[in-house]
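What follows is a set of notes on a single structure, which appears directly below.
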Amino acid sequence: MADPQLLLRQRFAEALERIDPSLAGADPVIRPSQHADFQVNSAMALGKRLGRNPRELADQLLAEVELAGIASQLEVAGPGFINVTLDDAYLAGCLADLRDPRRGVPAAEPAERVVIDYSAPNVAKEMHVGHLRSTVIGDALARTLGFLGNEIIRHNHLGDWGTPFGMLIEHLLDLGEQEAATELSVGDLNGFYKQARTKFDGDEAFADRARARVVALQAGDVETLRLWRLLVDQSELYFSSIYDRMGVTLTDTDYRGESAYNELLDGVVDELRAKGLLVTDDGAECVFPEGFVGREGEPLPLIVRKRDGGYGYAATDLAAIRFRMLDLDATWLLYVVGAPQSEHLEMVFAVARMAGWLEPPARAEHVAFGSVLGDDGKIFRTRSGETVKLADLIDEAIGRAAEVVATKSPHLDATEQAEVAEAVGVGAIKYADLSSDRVNDYVFDWDRMLSLQGNTAPYLQYAHARARSIFRKADLEPPTADQPVAVTITHAAERELTKQLVAFAGAVASVADGMRPHRLCTYLFDLAQTYTAFYEQCPVLRADDEAVRASRLDLCDLTAGVLAQGLDLLGIEAPERI
RNA sequence: GCCCUCGUAGCUCAGGUGGACAGAGCAUCGGACUUCUAAUCCGGCGGUCGCAGGUUCGAAUCCUGCCGGGGGCGCCA
């Protein structure tokens, strides 16, 4: 077991159960401590539960717990804390499986089939900052939950259906297919959309054609569908190019837009009706899930079918749940969607449960996130008040990173500088988005995210490159996965680094607990800081003892490996040189 | 009006489901480079954890009420 905290948890849990069978399953509450390596906090609460003196219980726990060869020092302190200091040799031994590809991270048990719904841009519309967080957070979760051994199904729920497509298709015809395709493929989606919108608003004849086209689209007219498909295909090509630049793992096969559920909507409504859940209210067909109220305290409907007979997004969302659960056999659904949609999603989940499509232990979870703000504290926009295109954001990030690289890394050739600028620029945007609790809003600040100091991607990338550079400097090949780790602790800084390294598995697991990637960020930042402290204090190549040198080289290699792995789970590149 | 969410150092944020004096980073002040990449490190300064009650041996964390910011509240997604 790589993570000593997990072992302590197990050993103390066993001891608790031996002391009193009623304590079986109780959490021993092992936490990192300022007074030792770890502290055990359970004696106070459990002592109270048993009506016993907490200190006495702590003493008994110490007598009972089996930690030979693991702890070098154990003591009871204060009202009943137990301080645990790990044995150095044991601690170093925990590094053993940190070199293998899983970096000591145990596979989730049981593995689940998880559908993650994220990114979801709109066809024939530019991707903008509004899609940034869903894309970045969703991808980090997909990577991390996948690494933990779950089967991940990515769904990119494109906005590819609805009334705007009438005007978009008519505009496409006006332009000519060839011309329209060119315009869309170069990525001028906003221009295309705005032109259509302008005509729709200003030209009656055009508006009539557009409305007629919507009817034809919904009626399944073959020619109309072909034109619609053209729009969708061109947009998907464009989105894919953005994902590619951003290093997002969404691919062509993950596109599953709203239109994919069209043919299922009738069945969904029929089933809701058959189950007696449907209520006709004001002409609309609704389900009233319990516990949701509107302005006047009246029951709030989820409108499945509108008064005009059309389907709204609620119907599509229900069809998607049904499909993911019943056809894909998922056990866990994640929706990486902004916080404002919280009530809507909760209602959809509630209705899906009522319909029997979402039976526990299977569950759906809204992974909500806050807004990206400008320095004025309002939604992030350009100076002229426009929404910020993702493409422009990426360009600027790479441009700014390139300036830094040009001054700080003259030792790299032009090609390598460009590669590093890309990794640093894109990484900075992603890390800024991931490194604070997702439910909070955050202020978009170029200088802070690209800073070489502090909790930023560039700082982590630098620490990684520095650890790697030692091997180049010494003209050594880094160890391969099958070589044994041979770390011996001879210095306090080595010990701190070792402790931090072996906590990787716990850090990764903590992301899955509550869908919080920022915990991995915090861990990696701590690791980078601990490593640089080690690096300052402990000569590696210049170590006077051959065994110490080998041991420290291993620490460098493991640190670089864990940093790279952790960054990869966040979707961030770690260049070998910087 | 109701519901959700946030409020921690001058600034940006952590704080693992109640634990030992509240932690980082930035900024600021003071130190360390003929470097294993100083894109770094070491140290100092800095907090009535929005306010007021309550539960508890013990509260930034749980409960209640207030104050303040953001968001949502039937046919858009």
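Table: residues versus (1) modelled with pLDDT under 95; (2) within 30 Å of A:P110 (Cα to Cα).
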position: A:A463; (1), (2): no, no
position: A:D475; (1), (2): yes, no
position: A:T498; (1), (2): no, yes
position: A:H518; (1), (2): no, yes
position: A:C521; (1), (2): no, yes
position: A:L524; (1), (2): no, yes
position: A:E536; (1), (2): yes, no
position: A:A543; (1), (2): yes, no
### Query
Any idea which of A:P539, A:P517 is more than 9 Å from RNA strand B (Cβ to nearest atom) and either within 25 Å of A:A428 (Cβ to Cβ) or out of contact with any Pro (no Cβ under 9 Å at 6 or more places or on another chain) (or both)?
A:P517
### Summary
A:S240: passes all of (1) modelled with pLDDT of 95 or more; (2) surrounded by fewer than 16 Cβ atoms within 10 Å (Cβ to Cβ) but (2)
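Results for (1) surrounded by 17 or more Cβ atoms within 10 Å (Cβ to Cβ); (2) modelled with pLDDT under 95; (3) over 30 Å from A:A414 (Cβ atoms), shown as yes or no for each residue.
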site: A:A481; (1), (2), (3): no, yes, yes
site: A:E546; (1), (2), (3): no, yes, yes
site: A:R552; (1), (2), (3): yes, no, yes
site: A:Q565; (1), (2), (3): yes, no, no
### Query
Would you call A:G356 of a type outside the set (S, T, N, Q) and at pLDDT below 95?
no
### Message
Just the residues that are surrounded by 24 or more Cβ atoms within 10 Å (Cβ to Cβ) and not β-branched (V, I, T), please, taken from region A:134-144.
### Response
A:G138, A:D139, A:A140, A:L141, A:A142
#### Entry: Flag for A:V348 being closer than 30 Å to A:L434 by Cα, under 25 Å from the mean Cα position of the chain (by Cα) and near RNA strand B (Cβ under 9 Å from one of its atoms)
no
#### Entry: Residue tally, condition within 16 Å of RNA strand B (Cβ to nearest atom) and without any contact (Cβ under 8 Å) to a residue 24 or more places away in the chain, over region A:378-392
4
## Note on the structure
All conditions in (1) within 9 Å of RNA strand B (Cβ to nearest atom); (2) closer than 25 Å to A:D244 by Cα are true of A:V439 except (2)
### Message
Quick check on region A:464-479. Is at least one of its residues among the acidic types (D, E) and away from RNA strand B (no atom under 12 Å from the Cβ)?
### Response
yes
### Task
Would you kindly identify the strands (runs of 3 or more DSSP E) lying entirely within region A:266-377 that contain at least 3 residues that are within 30 Å of A:F444 (Cβ to Cβ) and in contact (Cβ under 8 Å) with a residue 24 or more places away in the chain?
A:332-336, A:363-367
### Query
Among the helices (runs of 4 or more DSSP H) contained in region A:158-222, which hold 3 or more residues that are surrounded by fewer than 14 Cβ atoms within 10 Å (Cβ to Cβ)?
A:177-185, A:189-202, A:204-218
### Query
Quick check: anything in region A:402-419 surrounded by fewer than 13 Cβ atoms within 10 Å (Cβ to Cβ), part of a helix (DSSP H, G or I) and touching a residue at least 24 places away in the same chain (Cβ under 8 Å)?
no
#### Entry: Per-region count, region A:258-293, residues within 11 Å of RNA strand B (Cβ to nearest atom) and under 31 Å from the mean Cα position of the chain (by Cα)
5
### Matching residues in region A:309-330 - criterion: being surrounded by fewer than 19 Cβ atoms within 10 Å (Cβ to Cβ) and modelled with pLDDT of 95 or more
A:L326, A:D327, A:L328, A:D329
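The values are calculated or read from the model by the stated rules, or taken from the named source; none is laboratory data. Keep in mind that this is a model prediction, so the values were computed, not measured. In this analysis, Cβ positions are derived from the backbone assuming ideal geometry, glycine residues included, and neighbour counts consider all displayed protein chains.
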